[in-house]
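Quick note: the coordinates plus some simple rules give every number you see, no bench work behind them. Just so we're clear, the structure is a prediction, and the values are computed from it rather than from any experiment. Every residue, glycine among them, receives a Cβ derived from its backbone with ideal geometry; neighbour counts consider all protein chains shown.
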């Protein structure tokens, strides 16, 4: 190993001993994340077995009704929130940088934060089951059952624990979007990026727009549970249907959010074993992007039986049919690729086939239930249980198992056993079908879902027994698979490098793998550079490409332009630290203590979280470099500090705020939703917030925003005094805006517990005031950064990003003020 | 358990269920064909040792992946949408109209009298054959869903809203209805019976239901016990002073087929079990168990309730 | 002019706009303004207008994308590391998305052809 390689290794070395857990590098975080999510899969699977024992016989008393309701609620919630979404983020954090020849994702500490939040939240939610305190409202948590009829902490655990995890998911989505758009290797234009990256880009964007409505819904429900704001209480003007809309605007894209990444794995595996590039690359991109859009037009098909107008049902039925088109196209692209190439058989491919065969059944039954009249019968029966498991096991779990067989050698250096794999394949395939296929029939002959038992002699008995037997065979397959993963492999020879002879960049990884990711960041000219580019591996290994060295001992990776992938920055990424772990623990504390109404502890935890995050930002972001430019190799010199749209931090802020606006718009949607369901909204005899104070608030926010624009400009002066004046005045205007906004409802004695009108005004005010407070913190942060010399007239990323936040802040404050002030005048 | 009664959507006895079952068989047939073709192709692609020309596969993607599915889906969608208006349309004016409210975990049933009155019963619905019937569905607490698989599709009962559903039975018989939306602890045991009869039998039944219960001297002891044990706080028996509204109306309890919202067949043994082991039969139910009743007292009550014809 | 990544989203956004407009118009009309007979004629007329607008826009984006995909004499799979192929690829993908968006828009419109009331 030469000197430059040693320096590089030193910069990227994983910490040892107990400090190991301070690692933030994607290869470590991704691994922990994957293992944790897989652990939750096993837990969810055990819950499924418990349910199948209970349902094996009619009128069985293995579980009580209450226990069963907790178990099925947790099974659904664990599988969706703690396995399906996190595993895709885990695998992407682990592999995406490798597929793009990047050293790390742009925000390693954010990944670490997401992981710790996921672990803490997940254990908290699952743990509740062992104290008999688990949520028991189903994974869909329909009010008013969950707001007025379940008084235990179960529902709060679900709401707060999973909101916490949803926030972590959004953090990962921000990371992955910026990763795909800005951290590709030079030359990897949009027409050359690995299909996996396309899918992940689409999925991450979907998360960004799908999760916030649920977070907004969670907020409304928790406000009703904790403070009695009657959003879903029909007797005080609320409407339980609003929750269903918000839940399914999240819930349907969610299905594609968990399906597309697994199909993305298939899109990596199929060309490798067909020994030929993917046929129809453009078609697959169409399918990914098209599905991403259409999946947001399907949510009402979960609500076909709620009594909506036929036309509404028709619209969503139509979109549900349309989404089948891109899905079919992908499958035919895979088949076409297999036809073109000479196929090498392997267990990976067996699981891919299993996935296809299973998923297509789920897709076809999906098309059936998308036809509304049929759904009137099938909805909420075992037919749907069968359908959704064919979709999720076929579309998610089998491809992920294939992915495990495929990538295991890349991560561990050892291959899994083809023999054990074949056994696992047959057990899973047979067990799965024996278990779930009969459910279609069970449903059609009238067995509803979510029943803890069923009467004997109705024709359900044998079918349920068969399903239960199948479930145990399926579990047997998982045991074999698990044994294959865990069995000691010391005696086994290490796998050769690029064991499957694949063509994409992740297979540059050496065996055993080095923590630096790639020895040097290559120039890419093909979709399958390992197949097409001559001497490619040798050039990478000899450090003939970019960043083969770490002269300053810092972790560095390249940032490239979005479309053409021309290098634009040498990005320094932070190294190991415990800060994200503490930040996650303290934010977790806010949610966990909040669940039990221990508000003082929650407050303390919140303050600690606030300062930890502040410390993390202060020490780890927008660091002024020791030199403004750096030679990254091959005669290329790149800046080490950029701000504005060229910077990854700017993108992260922009993307986060898109998600934030989505949550806000969901709340605004709620306000107008109540208008549509009520004859008179606002109610005639109720006083609103008035016109004056909300408009004063909008005016003050406008002033604060204008001053922030000015501050950004003034910051470029060497003398900072005018910058301080402008920013601090803006802080005052921010406080004035918040005060005026509160004054409206306050002075008119609006009591949010009285009627949903007051509650929906107050929740908009609450949301906006919290954001104004955050805006003020950012303004003061910028002042402090400048005062401390961490931000200067040249190095201005902080103020640029804070101003970006303020663009969105202005929108939020404007929409809130104008809605609550003016809408009552026109409605 | 009444085994002869059907809960199957495929054992149809109503217009809606029949059309939907037909749709189901057609779609299933189509799905099987599509599955066999696609999977056959995939298996062939893996097994085949030959490399096929790229050009041909382009046509496969365009034809098999895009064009054929689009045509199939368009046809299916048009067919499905064309079915909707009739299913959604309310029953003609003057049809029998029944209000059903979901209550955890039973059903309050009111037949609307043409004169504007309500005929109250619970957990059992009689319908005349070959007549469209209009249901007005509400909930008194959480979301429930009203479903009689053999007659037609389901509709949710949402607090604060009134949903409607039209059913049109075409065959006489006894059918099971269930709550299809998870509604809490005893969701699995929120069931009811539906009896479809000819018009005469239906009219007769409705006439009986509109009357107060007949009382006789043998029933006096039972009635007194019913009142003194506090049953009347929750249950109404028209013709007595029992006028509680929290639980099901029991005026004609003896004529019903089931106990505890379709959970047990209405036999004296089952009724005795229900009175004493209430929560064993139906966990979570609001009705308290009357464990303190002696065997004799139970018998008296059972006889009394059975006599409420 | 070079097109960017955003180009891909334009046709699907037209579908989304059409979809939302149709849905919201229906939901608000049927909830607040429909007669007891539930005649939905005003909504159907509105959706006809939305459909014409949406399909015109989608056609525009589709034709522009087709030209992009066909420029020069290169054929699929557009996998060279050149500006031209990158642009052709974006054109091709955007063309397919335009077709898909057009079909999905027509599907939505079909509902208003086949259904006449708010029931």
Quiz item: With axes computed from alpha carbons, what is the tilt in degrees of helix B:68-88 against the longest principal axis of chain B, rounded to the nearest 10 within 0 to 90?
Solution: 20
Practice problem: Please give the per residue volume of the convex hull enclosing the alpha carbon atoms of segment A:485-590, rounded to a whole number of Å³. | Solution: 203
Exercise. Ignore the peptide's own chain and count Cβ atoms of other chains within 10 Å of each Cβ in C:28-37; give me the average, rounded.
Key: 3
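Given an 8 Å cut-off on Cα distances and at least 6 residues of separation, report the relative contact order of chain B as a percent.
The value is 17 percent.
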Quiz item: Extent of chain B along each principal axis, from alpha carbon coordinates, in Å, largest to smallest?
Solution: 92, 43, 35
Practice problem: Using only alpha carbon pairs under 8 Å that are at least six residues apart, calculate the relative contact order of segment C:14-114 and give it in whole percent. | Solution: 35
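Averaging over every viewing direction, what projected area does the convex hull of the Cα atoms of segment B:17-72 cover, in nm²?
Mean orientational projected area (segment B:17-72, Cα hull): 4.5 nm².
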Quiz item: Can you give the relative contact order of segment B:131-170 as a percent, counting alpha carbon pairs under 8 Å and 6+ residues apart?
Solution: 52
Quiz item: Using a Gaussian network model of chain B with C-alpha springs under 10 Å, which one of B:236, B:74, B:97 is most mobile by mean-square fluctuation?
Solution: B:74
Quiz item: Gain in length, residue A:610 to residue A:735, computed as 0.36 nm per residue apart minus the alpha-carbon separation, to one decimal in nm?
Solution: 43.1 nm
Quiz item: Once you sort the root eigenvalues of the Cα gyration tensor of segment A:291-346 as a ≥ b ≥ c, which label holds: rounded (a/c under 1.5), prolate (a/b larger than b/c) or oblate (the other case)?
Solution: prolate
Quiz item: In whole angstrom, how far apart do the alpha carbon centroids of segment A:782-810 and segment A:409-430 sit?
Solution: 52
Practice problem: Work out the FRET efficiency for residue A:511 and residue A:691 from their Cβ-Cβ distance, taking R0 = 56 Å, and round it to the nearest 0.05. | Solution: 0.20
Quiz item: Which order do peptides A:815-823, A:602-610 fall in by mean Cβ count within 10 Å, highest first?
Solution: A:815-823, A:602-610
Practice problem: Report P(r) for the protein assembly as shown: all Cα-Cα distances, bin width 20 Å, range 0 to the bin holding the largest distance, values in whole percent. | Solution: 10, 38, 36, 13, 2, 0
Quiz item: Over what distance in Å are the Cα centres of segment C:28-74 and segment B:128-159 separated?
Solution: 36
Quiz item: Taking chain B as a Gaussian network, where each spring joins two C-alpha atoms under 10 Å apart, which residue of B:191, B:118, B:256 fluctuates the most?
Solution: B:118
Exercise. Using the Kirkwood radius over Cα pairs, work out the Stokes-Einstein diffusion coefficient for segment A:17-63 at 4 °C and 1.567 mPa s, in µm²/s as a whole number.
Key: 97
Quiz item: How would you classify segment A:210-274 from its alpha-carbon gyration tensor, with a ≥ b ≥ c the square roots of the eigenvalues: rounded for a/c under 1.5, else prolate if a/b is greater than b/c, otherwise oblate?
Solution: prolate
Quiz item: Once the mean 1/r over all distinct Cα pairs of segment B:217-306 is inverted, what Kirkwood radius in angstroms do you read off?
Solution: 13.1
Exercise. Could you work out how far the C-alpha centroid of segment B:33-55 sits from that of segment A:26-44, in angstrom?
Key: 35
Quiz item: Given segment A:36-180 reduced to its alpha-carbon atoms as identical point scatterers, what log10 I(q)/I(0) does the Debye formula return at q = 0.16, 0.19 Å⁻¹?
Solution: -0.84, -1.05
Self-check item: Label point distance in nm, residue A:131-residue A:492, each placed 7 Å from Cα along Cα→Cβ
Solution: 4.1
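Can you put A:379, A:793 in order of Cβ neighbours within 10 angstrom, beginning with the fewest?
Values: A:379 28, A:793 14.
By the 10 Å Cβ count, ascending, the order reads A:793, A:379.
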Quiz item: Rounded to the nearest 0.05, what FRET efficiency do residue B:296 and residue C:116 have when you use their Cβ-Cβ distance and R0 = 60 Å?
Solution: 0.40
Quiz item: Computed over the Cα atoms of segment C:14-114, what is the ratio Rg over Rh, Rh following Kirkwood?
Solution: 1.21
Self-check item: Kirkwood Rh, angstrom, segment A:436-547 [1 / mean 1/r, Cα pairs]
Solution: 19.2
Self-check item: Cα pair distances of segment B:124-164 binned at 10 Å [whole percent]
Solution: 27, 53, 19, 1
Self-check item: Where labels lie 7 Å past Cα in the beta-carbon direction, separation of residue B:246 and residue A:597 in nm
Solution: 2.4
Self-check item: Histogram of C-alpha separations across segment B:1-104, 10 Å bin width, %
Solution: 10, 25, 25, 17, 13, 7, 3, 0
Practice problem: Extending each Cα 7 Å along its Cβ direction at residue C:84 and residue B:217, get the distance between those two points in nm, one decimal. | Solution: 11.2
Quiz item: On alpha-carbon atoms, Rg over Rh for segment A:348-434 using Kirkwood Rh?
Solution: 1.12
Quiz prompt | Burial ordering of B:25, A:142, A:452, fewest other beta-carbon atoms within 10 Å first | solution = B:25, A:142, A:452
Quiz item: Let a ≥ b ≥ c be the square roots of the eigenvalues of the Cα gyration tensor of segment A:673-826; is it rounded (a/c under 1.5), or, if not, prolate (a/b larger than b/c) or oblate?
Solution: prolate
Quiz item: Using the 10 angstrom Cβ neighbour count as an exposure proxy, how do A:189, A:109 rank, fewest first?
Solution: A:109, A:189
Quiz item: For segment A:581-649, what is one quarter of the convex hull surface built on the Cα atoms, given in nm²?
Solution: 6.6
Quiz item: Considering chain B as a Gaussian network with a 10 Å cut-off on Cα pairs, which listed residue, B:52, B:187, B:252, attains the greatest mean-square fluctuation?
Solution: B:52
Practice problem: Grab the DSSP H runs of the protein assembly as shown that are 4 residues or longer, score each as -39,500 (n - 2.57), total them, divide by all residues and round the 222 nm result to the nearest 500 deg cm²/dmol. | Solution: -19500 deg cm²/dmol
